[in-house]
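Worksheet for the structure shown next.
The values are calculated or read from the model by the stated rules, or taken from the named source; none is laboratory data. Since we're looking at a predicted model, the values are computed, not measured. We place every Cβ from the backbone using ideal geometry, glycine too, and count neighbours over all the protein chains shown.
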Amino acid sequence: MADNLWFFAVAIGPILLGAAIFYGIMHRRRLSRGEQHRQEDAVEHLYDKPPGGREPSTHQSTHPR
């Protein structure tokens with residue numbers, strides 16, 4: 001009984017896992033052109049300047065400590 005379990009785990013298990021990965025890759029849905037454009041617009045919108053147009057400052061403040 002234990003030998004059969006190990007055979008399944010070592011030989012059949014990786015074959016089933018490979019088949020599941022292959023099935024997932026082959027049935028992956030691609031974005032249409034319209035969906036790609038909407039995705040690009042949404043990403044650009046996320047990285048736009050905040051309201052008021054100010055960007056974070058990269059220099060250190062000059063006030064006394």
**OP:** Return yes or no: is F22 at pLDDT below 90 and surrounded by 10 or more Cβ atoms within 10 Å (Cβ to Cβ)?
**Re:** no
Original post:
Which residue pairs have Cβ atoms under 8 Å apart, sit 6 or more places apart or on different chains, and have a first residue in segment 27-52 that is modelled with pLDDT of 85 or more and a second that is surrounded by 10 or more Cβ atoms within 10 Å (Cβ to Cβ) and assigned to a helix (DSSP H, G or I)?
Top reply: L31/Q39
